[in-house]
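Engineer: If you scroll down you'll find the structure; I have some questions about it.
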Amino acid sequence: NFYARQLRLSPHVLGHSKAHVGRVVAELVRAAKAQGLQPGPLALSLRGDFVRIGSAYEQHKVRSPDCFDILVPLRLPPHLEPQPLSADGLGPRDAFVCGLRARAGWPRRYRPFAEGFCVELQGRSHLSSGLVLRWFQGHLQRCLGAVRYRLQERCRVSLSACAGRPPTLHIVPCSDYVCCHISMAVRLIPAIPIGDALYLTALPPEGAQPPPAREALWSLNASRQEQRLLSWLKEQAPATSCHLKCLQILKGLRDLRGQGLEEPFCSLWGRVLSSYVLKTALFSLLLQGPLEAWDERFLVERLEDLVLYLRDCLRKQLLMHFFLGNASLPEAVVLPRFLKEATPVNLLAAFDGPTLDLVAFQLISTWIQAPQVIRMYSSPRYLRPVPVP
C-alpha cells in the first residue's frame, strides 16, 4: 500500500511530463546551438542534442514527476580534444581534471579560448568547470526570449541559476495544452563528452568560497552506462523482477525517516544515503546472486537483503564506486581502459566512522519500525513539498 499510494508514479502522467520536457528542452537547445555558432570557431558551443538521465528515465522515480535532469553536451573548438586525468590530491578521489590537447599550435592559436575558459594548474591549462558553467548559464539566459515566444501557447518557461550549480528550467504548462497540469523543474547540466557516452560535469560546490584548484575539477558522469546496465538487468532478470521497486521503497523510507530527524544529522542522513549510494548498493547486490531470486514474490526478503547489505557497508565504511576500477562489470557495460584501470573509489570515504555507525543504526531502526514510520510520517503535517533539484 505504501508503494502503491505514495511512491508509484502514474505511467500516463510520467509519460506526458517526459514528453513535454523533451519538447521544451529541444526548443531551447536548438536556439542555443544556433546562437552559439555566431561568435566564431574559438568558443564553446552546444553540440545540438541532449541526454535524459536520472531516476525519471530509469523507472525508479518516486512520488511526483516534477523534477528532471538533462545533460547538455558541449562542443569544444575544432582540433581541441579533452583529456580526462585523475585529480589525485586536488579534490575527491573520484574527481578528474580536464586537460586539453591541441592537434596544432596550442599556445598561440587557442589563446583566446584559454583566457576565457581555462585555468592554470601545475603549469598546464585545464578546462575550468566554473568558467564553463558561468558561460552556459548566461548563454541559455540569452536564448530564453526566443524560446519563450515560441512556447507561449504551450507553457510559461523561466530559468533560475545559483552560483556554482547548473541552471534550472521551470516549466508551467498552459491549462488547455496538456491534461496533466504539473509544474516541472528541469536541471540542465553542461557536459563535456569524453567518448562512448561518458561525460564530465562540474562538481557540486563545497563551502561559500571554493579553493581556486576546485575550479579545474570535474565529476565523471556515467549515467548512460547505468542505463545500459539497467537494460541488461531487465533482460536477464525475471519479467516480474522487483529490484527497482526495492530501490523505490528504500528511497521512500529514507525520505520519511528524514522527516523526523534533527539537524545536522538530517542533512548527513540524506547525504550518506543519497540516491546514488542506494543505487550503487543495489547494483552490487544484484550481481552477487541469481537474478531469479528477485522475483516479485520475494520482495520483502530482497528488500531486507538490501537494507542489511547497506548496513554492512556503513559499518565497514566501504562502498566502492561501481564503474571506477571495477574489474567485474558485465560485458554489456563497455568502459574505456582508463576507467577500468582507475584507482577504486570508496563512496563513503568522506564520512567519519561515528556518523556512518549512527546512519547504520537509524537504517536498521527504520526497517524494523517501517510500518510505524510510514503511518507516523505520512500524515499531512509531515509531508513536505519535494524540493527543486
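The values are calculated or read from the model by the stated rules, or taken from the named source; none is laboratory data. Keep in mind that what you see is a predicted model, and the values were worked out from it rather than measured. For neighbour counting, all protein chains shown are included, and Cβ atoms are generated from backbone atoms with ideal geometry for every residue, glycine included. Areas reflect the complete protein model, heavy atoms only, side chains present, ligands, DNA and RNA absent. Shrake-Rupley method; radii C 1.70, N 1.55, O 1.52, S 1.80 Å.
Engineer: Based on the inverse mean of 1/r over its pairs of different Cα atoms, what is the Kirkwood hydrodynamic radius of the range 241-346, in Å?
Structural biologist: Details: mean 1/r = 0.0662 Å⁻¹.
Kirkwood radius, the range 241-346: 15.1 Å.
Engineer: Follow-up. What whole-number distance in Å separates the alpha-carbon centres of the range 183-200 and the range 103-152?
Structural biologist: 15
Engineer: Sticking with this one: Please list, ordered by chain and number, the residues whose modelled amide H lies under 5 Å from the amide H of Cys67; skip anything fewer than 5 residues away on the same chain.
Structural biologist: Ala185
Engineer: Let me check I have the definition right: for the range 25-94, take the eigenvalues of the Cα gyration tensor, multiply each by 5, take square roots. What are those semi-axes in whole Å, largest first? Don't jump to the answer; show the numbers that get you there.
Structural biologist: On the way: eigenvalues 151, 109, 14 Å².
One finds semi-axes of 27, 23, 8 Å for the range 25-94.
Engineer: Can I ask one more? Give, as a single signed number, the net charge of other residues whose beta carbon lies under 14 Å from the beta carbon of Thr366, with Lys and Arg counted +1 and Asp and Glu -1. Numbers along the way, then the final one.
Structural biologist: Details: positive: Lys251, Arg254, Arg257, Arg311, Arg375; negative: Asp255, Glu304.
Combined, the nearby Lys, Arg, Asp and Glu give +3.
Engineer: Using only the alpha carbons of the chain, determine the length spanned along each of the three principal axes and report them from longest to shortest in whole angstroms.
Structural biologist: 65, 53, 42
Engineer: Can you give me the distance in nm between label points at Ala4 and Leu261, each placed 7 Å from the Cα along the Cα-to-Cβ direction?
Structural biologist: 3.0
Engineer: With θ set to phi - 60° and the Karplus curve 6.51 cos²θ - 1.76 cosθ + 1.60, what are the ³J(HN,Hα) couplings of the range 333-346 in order, to the nearest whole Hz, using x for Gly and Pro?
Structural biologist: These are the phi-based 3J(HN,Hα) values: 9, 9, 10, x, 4, 5, 7, 4, 9, 5, 5, x, 10, 8 Hz.
Engineer: So, one more: Sequence gap at least 6, Cα distance under 8 Å: using those rules, report the relative contact order of the chain to the nearest whole percent. Numbers along the way, then the final one.
Structural biologist: Details: 558 pairs, mean separation 58.7, N = 389.
It rounds to 15 percent for the chain.
Engineer: Can you pull out the GluC sites (Glu not before Pro) in the range 189-297 whose DSSP state is coil and whose Cβ has at most 15 other Cβ atoms within 10 Å? Let's see the in-between values first.
Structural biologist: On the way: sites: Glu206, Glu215, Glu226, Glu235, Glu262, Glu292, Glu296; in loops: Glu206, Glu262.
Loop-located and lightly packed - Glu206, Glu262.
Engineer: Follow-up. Calculated from DSSP H runs of 4 or more alone, at -39500 (n - 2.57) each and per residue, what is the 222 nm mean residue ellipticity of the chain, nearest 500? Present the calculation step by step, with values, prior to reporting the outcome.
Structural biologist: Values: 12 runs with 155 residues, N = 389.
Here the helix-only value at 222 nm equals -12500 deg cm²/dmol.
Engineer: Is any helix in the chain, taking whole DSSP H runs, at least 30 angstrom long along its axis by alpha carbon and on average at least 0.0 on the Kyte-Doolittle scale, and which ones?
Structural biologist: Working: long enough: 11-36 (36 Å, 0.02); 129-150 (31 Å, -0.08).
Passing helices, by number: 11-36.
Engineer: Another question, then. Work out the count of Lys pairs in the chain where the Cα-Cα distance is under 19 Å, with the pair 8 or more places apart or on different chains.
Structural biologist: 10
Engineer: I've got another one for you. On alpha-carbon atoms, Rg over Rh for the range 1-222 using Kirkwood Rh? Please list the in-between numbers first.
Structural biologist: Numbers: Rg = 18.9 Å, Rh = 18.8 Å.
Here Rg/Rh amounts to 1.01.
Engineer: Suppose the chain between Leu90 and Asp312 were pulled fully straight at 0.36 nm per residue; how much longer would it get relative to their current alpha carbon spacing? Before the final figure, lay out the partial values.
Structural biologist: Numbers: separation 222, 0.36 × 222 = 79.92 nm, distance 2.97 nm.
Net length gain for the segment: 77.0 nm.
Engineer: Counting residues in the range 24-146 as N, plug N into 2.2 N^0.38 Å and put the Cα Rg over that result. Kindly include the intermediate steps, with their values, before the conclusion.
Structural biologist: Values: Rg = 16.8 Å, N = 123, 2.2 N^0.38 = 13.7 Å.
This ratio for the range 24-146 stands at 1.22.
Engineer: Between the range 213-250 and the range 260-338, what's the alpha-carbon centroid distance in Å?
Structural biologist: Computed from Cα coordinates, the inter-centre distance equals 10 Å.
Engineer: Which value, in Å², gives the accessible area per residue of the chain when a 1.4 Å probe is used on the protein heavy atoms? Working shown, then result.
Structural biologist: Numbers: 18950 Å² over 389 residues.
Dividing the accessible area of the chain by its residue count gives 49 Å².
Engineer: Carbon and sulfur together cover what percent of the accessible area of the chain at a 1.4 Å probe radius? Can you show the working numbers first?
Structural biologist: Numbers: 9970 of 18950 Å².
Answer for the chain: carbon and sulfur cover 53 percent of the accessible area.
Engineer: Going 7 Å from the Cα of Ser365 toward and past its Cβ, which residues in the range 250-279 have a backbone nitrogen under 20 Å from where you end up?
Structural biologist: Counting backbone N atoms under 20 Å from the label point, the list is 250-274.
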